[in-house]
1. In percent, what relative contact order does the range 12-96 have, based on Cα pairs under 8 Å that are 6 or more apart in sequence?
2. Rounded to whole Hz and in sequence order, give me ³J(HN,Hα) for the range 25-38 from the Karplus expression 6.51 cos²θ - 1.76 cosθ + 1.60, θ = phi - 60°, writing x for Gly and Pro.
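What follows is calculated from the coordinates using simple rules that are stated; it is not laboratory data. Here the structure is a predicted model, which is why all the values come from computation and not from measurement.
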Amino acid sequence: MRKDIHHISSQIQSNETELPFVYKDYSNTIKVAFKNINYFESNSGNSHSSILNTVNKQKRQLNYNLRDIEKMDNRFFRAHRSYLVNLRQIDYVDPRKRSISIMEKNVLSASYTYDIY
């Protein structure tokens, strides 16, 4: 995990991070500032969609699953089969509890499957 986080962190610090996350919502193109995204989570009610969680506690349903988002934008880290995380928002990783703390309040599960440790 440390190697993966270091690699993605170095990508984040490049000029590429100034670009917003862009997705289509029906006929509209939506842009969200990368720094405003905490993480994406899979939508348990619909396997073809996901939920975008922002720094100001907003949640937006997207018509993309996590795999689609990974293909659209490689700046997010797959910490679990249910989460794609913005590394800028990670406060703490606890390997013993297999958890990731985001913005001091959200605690997400992490998985060995995705080589986070």
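1. On the way: 120 pairs, mean separation 19.0, N = 85.
It comes to 22 percent, rounded to a whole number.
2. 10, 6, 9, 9, 9, 10, 10, 10, 4, 4, 5, 8, 9, 7
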